[in-house]
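These notes are about the structure you will find just below.
The values are calculated or read from the model by the stated rules, or taken from the named source; none is laboratory data. Predicted model, so just to flag it, every value in this text is computed and none were measured. Cβ sites come from the backbone with ideal geometry, for glycine too, and all protein chains shown count toward neighbours. Only protein heavy atoms, including side chains, enter the accessible area calculation; ligands, DNA and RNA are left aside. Shrake-Rupley method; radii C 1.70, N 1.55, O 1.52, S 1.80 Å.
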Amino acid sequence: MNTKPMPGEEFTTFADKGTAELEAVLSEVADSFRDHTSYAGAAVHDIVYWSQLAPEDEPAPAPAPENPVSPPEIRGTYIWEASQVTNDGGEHILEFAKEKSINFLYVRLDLEQPYSSYRSFVKRAAAQGIEIHAMGGHPIWGKTENRPRIQRLIDYVGNYNAEVEPDEQFKGIHLDIEPYTLPEWQSDQDKLLSEWAGNIAYFHEETKKYGNLETSADLAVWLDTFPLPGKNVSVTEFMIDTLDHVSLMAFRNTAEGSNGIAAVVSQEMEMADRLGKPLMISVEIKENHEGKHISFYEAGASEMERQLALLPNLLSNFQAYQGNIVHAYDYWVEAKP
């Protein structure tokens with residue numbers, strides 16, 4: 001990137017743009033190339049001219065919308081440690097949920113535990129107006145050979161629900177499968193994508209054998225650029241169409257702008273509206289080293305709330321938008337104010 005003044009060739013430099021625009025473009029470039037192992041970073045030319053750029057201005061407070069839209073229905077988080085529910089009954093989680101007005105939880109299950117380990121927590125959560133979805137997953141669950149792992153989770157939840165009282169039942173099953181972290185993503189991507197899609201279809205079909213359990217999964221927002229091999233749809237459209245709902249991992253720390261949350265989910269929202277499916281938006285508050293624009297870790301919880309409050313207006317044209325999920329409880333509870 002160039003910051004030296006270039007008279008007559010201003011399009012080649014950030015000399016008149018300032019620090020804020022340079023940093024925004026650096027972040028956008030890094031995000032665009034995140035799947036290319038050859039991308040190693042950026043260099044700015046040079047230290048003298050860079051230091052002379054106009055400093056980054058403090059952002060002006062966002063104006064209140066003229067016609068405020070009601071907050072979304074769902075406000076949730078992820079519970080990754082099953083022991084937090086089973087060992088002490090999850091009272092600290094329910095207290096935090098009350099404080100933060102949380103009404104939706106994805107809870108990872110330890111399938112070695114007896115059904116009695118979850119009954120009290122789910123019952124008390126339901127009395128507090130919180131909907132609980134059982135959660136499981138691993139990158140290898142995207143491979144056909146690991147369908148038995150998915151089946152085990154489905155059977156556990158289905159049999160649990162059949163044994164317990166209605167107010168102790170899980171409302172759905174949520175999968176977190178991110179196979180793009182596997183070596184096969186580089187060596188045989190088409191095969192891995194096909195197997196992942198097959199496992200998602202299998203998951204939905206098998207879950208429905210237990211009645212009205214809702215199926216859902218996390219999905220990275222950039223997957224809308226990947227066609228599903230042998231199908232005339234993207235990976236994203238297939239997932240949205242197959243499952244009951246999807247949580248879009250829109251890991252950005254601003255709501256507005258060309259690389260903000262609303263912008264990066266707009267294509268998925270259009271798909272979901274066309275397909276008649278609901279979507280949730282997942283945001284990150286865990287420390288992240290991929291770029292300053294990814295997480296609310298540095299900005300803190302108050303800034304996260306301010307940005308999330310902008311989304312109902314920014315996404316008001318989409319029926320699909322149902323709410324926000326913060327990743328995750330462990331990081332949110334320890335977040336900066």
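Annotation: the antiparallel percentage among DSSP beta bridges lying fully within the chain is about 5.
Under 1.5 on a/c is rounded, so check that first for region 52-191, then, if it is not, pick prolate when a/b is larger than b/c and oblate when it is not; a ≥ b ≥ c are the square roots of the alpha carbon gyration tensor eigenvalues.
Values: a/c = 2.40, a/b = 1.20, b/c = 1.99.
Since a/c reaches 1.5 but b/c is at least a/b, the shape of region 52-191 is classed as oblate.
If Rh is defined by the Kirkwood formula over all Cα pairs and Rg also comes from Cα, what ratio Rg/Rh do you get for the chain?
Values: Rg = 21.8 Å, Rh = 21.7 Å.
My calculation puts Rg/Rh at 1.00.
Just add up the charged neighbours of Met249: K/R +1, D/E -1, any other residue whose Cβ is under 9 Å from the Cβ of Met249.
Summing Lys/Arg as +1 and Asp/Glu as -1 gives -3.
To put it simply, the accessible area of region 142-183 at a 1.4 Å probe is 45 percent carbon and sulfur. One decimal place: the segment Asn159-Val69 gains 28.3 nm when fully extended, by the rule 0.36 nm per residue minus the C-alpha distance. For Lys143, the aspartates and glutamates whose Cα falls under 14 Å of its own Cα, not counting residues fewer than eight places away in the same chain, are Asp176, Glu178, Glu184, Asp188, Asp190, Glu195.
Within the assembled protein chains, the solvent-accessible surface assigned to Tyr210 is about 90 Å², based on a 1.4 Å probe. Electrostatic bookkeeping for Pro229 treats Lys and Arg as +1 and Asp and Glu as -1; over the other residues with beta carbon under 9 Å from its beta carbon, the sum is +1. Here the gap between Met6 and His45, fully extended at 0.36 nm per residue and compared with their Cα-Cα distance, gives a gain of 12.8 nm. Where in region 196-236 is the amide nitrogen less than 16 Å from a point lying 7 Å along the Cα-to-Cβ axis of Glu298? Within reach of a label on Glu298: no residues.
Counting only heavy atoms of the protein chains, get the accessible area per residue of region 156-221 (1.4 Å probe) and round it to a whole Å² value. Walk me through the numbers before you get to the answer.
Working: 2700 Å² over 66 residues.
Counting only protein heavy atoms, the per-residue value for region 156-221 is 41 Å².
Angle of helix 116-127 to the longest C-alpha principal axis of the chain, folded into 0 to 90 degrees and rounded to 10: 70°. Under a GNM of the chain (C-alpha, springs under 10 Å), which listed residue has the highest mean-square fluctuation: Arg252, Arg147, Arg274? Highest fluctuation among the options: Arg274. Could you list, in their original order, any pairs among Lys98/Lys286; Lys17/Lys286; Lys100/Lys277; Lys231/Lys292; Lys171/Lys231 whose Cα atoms are separated by more than 28 Å? Flagged as over cut-off: Lys17/Lys286; Lys231/Lys292; Lys171/Lys231. Comparing Val233, Val44, Val264 in a Gaussian network model of the chain (Cα springs below 10 Å), the most mobile by mean-square fluctuation is Val44. Projected label points at Gln128 and Gln52, each 7 Å from Cα along the beta carbon direction, are separated by 5.8 nanometres.
For the chain, what is the calculated [θ] at 222 nm in deg cm²/dmol (nearest 500), taking -39500 (n - 2.57) for each run of four or more DSSP H residues and dividing by its residue count? Before the final figure, lay out the partial values.
Details: 13 runs with 125 residues, N = 337.
After summing the helix terms and dividing by residue count, I get -10500 deg cm²/dmol.
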